[in-house]
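Undergrad: First the structure, which I've put down as structure tokens, then a few questions once you've had a look.
The values are calculated or read from the model by the stated rules, or taken from the named source; none is laboratory data. Note that the coordinates shown come from a computational prediction; the quantities given were computed from them, not determined experimentally. Because the Cβ atoms are built from the backbone with ideal geometry, glycine has one as well, and the counts that use them run over all protein chains shown. When the accessible area is computed, the model is the full protein with side chains, heavy atoms only, and any ligands, DNA or RNA have been set aside. Shrake-Rupley method; radii C 1.70, N 1.55, O 1.52, S 1.80 Å.
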Amino acid sequence: MNEEYICESEELEDEQQELFEHFRFVVDPGQAKLRVDKYMQEKLQHSSRNRIQKAADEGFIHVNDRPVKSNYKVRPGDVVTLMLDRPRHDNTIEAENIPLNIVYEDDALMVVDKPAGLVVHPGAGNFHGTLINAVAWHMKDIPNFDPNDPEVGLVHRIDKDTSGLLVVAKTPEAKRNLGLQFFNKTTHRSYEALVWCNFTEDEGRIEGNIARDPRDRLRMTVLPPDSEQGKPAVTRWRVLERFGYTTLVECRLETGRTHQIRAHMKHIGHPLFCDERYGGTEILRGQRSSAYKAFIQNCFRLCPRQVLHARTLGFRHPTTGEQMDFTSPLPADMQALLEKWRNFINGTAADTFAQ
């Protein structure tokens with residue numbers, strides 16, 4: 001090979017665009033064939049399908065390290081990456097001294113009771129002050145724990161304004177074992193939620209695929225179970241207490257999708273109380289009087305978030321195989337709100353509306 005050819009090759013290599021990985025997803029084993037632009041749209045909640053298609057046209061969407069077009073259909077096990085021509089924002093997880101309510105801990109895992117308002121994982125607009133930053137601080141003296149290693153840490157998530165139980169894996173073996181339990185639906189999780197309207201039945205089952213709402217990328221929508229869009233989701237609910245215009249329900253998850261309970265309850269006409277994103281801050285049932293409206297507004301101020309609490313969590317210990325079951329008490333804001341509704345329906349407080 002002559003020197004002229006070698007120099008020309010080196011110049012061509014120098015001109016190739018350097019790409020930086022921004023997101024990486026491994027397609028679930030149960031995923032049906034789906035266009036890669038639709039798949040990425042579900043994963044990237046702040047991106048429109050048009051932007052994703054444009055990224056594919058520019059060679060920025062890769063599957064198994066090769067650029068693909070928008071119509072490529074992902075298959076189980078595919079590694080899908082978004083590669084861009086600029087470095088990603090530095091989102092290295094730093095240890096921060098944030099209090100944690102740890103209800104159980106051993107060498108393999110810990111169970112945390114998260115308060116409402118605490119973001120679980122760093123992301124757009126929330127790179128500090130999260131539960132993971134707090135976990136990093138708590139484990140800063142454990143030599144083998146790296147909060148930036150995806151093989152340890154959170155096994156599942158709950159929304160910022162949802163309170164309740166989460167499990168954190170300290171070792172790769174524990175995370176793999178627990179992750180498999182969640183995937184196989186052998187874990188047990190229940191939530192308590194205050195929802196709008198009364199139910200005619202005492203219990204029921206909601207089945208419907210969860211997908212990103214094309215009209216609002218921050219919200220999920222429900223599609224028919226046989227739809228090729230979204231992911232299958234099943235929620236079982238049971239009435240715990242009736243307040244006439246609202247109902248306290250227990251929700252048991254058979255799957256764990258983004259906003260599953262919030263989207264499913266909205267779908268059947270029972271949005272979570274004070275859930276602004278899903279219409280729960282509108283007065284959907286009750287009286288027309290100004291006193292009743294004032295009562296509802298006071299309720300919203302008393303518990304200014306979607307009224308949802310991850311009440312119970314159960315799984316088998318990844319090392320011993322022992323069944324582990326945990327229950328979290330209702331937080332103070334939910335307790336106060338429920339008591340206010342009890343006073344309202346029982347008529348025990350003459351000034352209920354005004355307080």
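Undergrad: Tell me the per residue accessible area of the chain using a 1.4 Å probe; a whole number in Å² is fine.
TA: It amounts to 53 Å² per residue over the chain.
Undergrad: In percent, how large is the relative contact order of the chain, given Cα pairs closer than 8 Å and 6 or more residues apart?
TA: 13
Undergrad: Measure off, as a whole percent, the carbon and sulfur share of the 1.4 Å-probe accessible area of the range 172-270, all protein chains present.
TA: 47
Undergrad: Work out how much length residue 18 to residue 101 would gain on full extension: take 0.36 nm times their residue separation and subtract the Cα-Cα distance, in nm to one decimal.
TA: Full-extension gain reported as 25.5 nm.
Undergrad: Given +1 on the Cβ of Lys and Arg, -1 on the Cβ of Asp and Glu, and no further charges, what dipole in debye does the range 191-253 carry about its Cα centre, rounded to the nearest 20?
TA: Once rounded to the nearest 20, the dipole reads 260 debye.
Undergrad: When averaged across all projection directions, what area in nm² does the alpha-carbon convex hull of the range 106-158 cover?
TA: Its average projected convex-hull area is 4.1 nm².
Undergrad: Also, quick follow-up: Beyond a 21 Å Cα-Cα separation, which of these cross-linked pairs lie in this structure: 73/160; 38/160; 114/160; 73/231; 54/231; 43/69?
TA: 73/160; 38/160; 54/231
Undergrad: If r is the Cβ-Cβ distance from residue 276 to residue 33 and R0 is 22 Å, what FRET efficiency results, to the nearest 0.05?
TA: FRET efficiency, residue 276 to residue 33: 0.05.
Undergrad: Turning to a different aspect of this structure: Quick check on the range 282-334: what does the Kirkwood estimate of hydrodynamic radius come out to from the alpha carbon pairs, in Å?
TA: Taking the inverse mean of 1/r over all distinct Cα pairs, the range 282-334 comes out at 14.4 Å.
Undergrad: Average projected area of the Cα convex hull of the range 19-86, in nm²?
TA: Directional mean of the projected Cα hull area for the range 19-86 stands at 3.9 nm².
Undergrad: Based on the Cα gyration tensor of the range 145-199, what are the three equivalent ellipsoid semi-axes, each the root of five times an eigenvalue, rounded to whole Å and given largest first?
TA: For the range 145-199, the ellipsoid semi-axes come out as 28, 14, 7 Å.
Undergrad: By how many degrees, between 0 and 90 and to the nearest 10, does the Cα long axis of helix 172-183 differ from the longest principal axis of the chain?
TA: Between helix and principal axis, roughly 60 degrees.
Undergrad: Based on the Cα coordinates of the range 96-226, what is the per residue volume of their convex hull in Å³? Don't skip to the answer; put the middle values down first.
TA: On the way: hull volume 21.5 nm³, N = 131.
Output value, Cα hull per residue: 164 Å³.
Undergrad: Work the Kirkwood hydrodynamic radius out for the range 62-123: mean of 1/r over every pair of different alpha-carbon atoms, inverted, in Å.
TA: Evaluated on the range 62-123, it is 16.3 Å.
Undergrad: State, to one decimal in nm, how far the label point of residue 180 lies from the label point of residue 128, with both points 7 Å from Cα in the Cβ direction.
TA: Once both label points are built, they end up 4.0 nm from each other.
Undergrad: Here's another thing I want to ask about it. Can you compute the FRET efficiency between residue 69 and residue 151 using 1/(1 + (r/R0)^6), with r the Cβ-Cβ distance and R0 = 35 Å? Round to the nearest 0.05.
TA: Efficiency for this residue pair is about 0.65.
Undergrad: Averaged over all directions, how much area does the convex hull of the C-alpha atoms of the chain cover when projected, in nm²? Show your work: numbers first, answer last.
TA: On the way: hull surface 91.0 nm².
Directional mean of the projected Cα hull area for the chain stands at 22.7 nm².
Undergrad: Based on C-alpha coordinates, I'd like the Rg and Dmax of the range 252-344, in Å.
TA: Values for the range 252-344 (Cα only, Rg and Dmax): 16.7, 59 Å.
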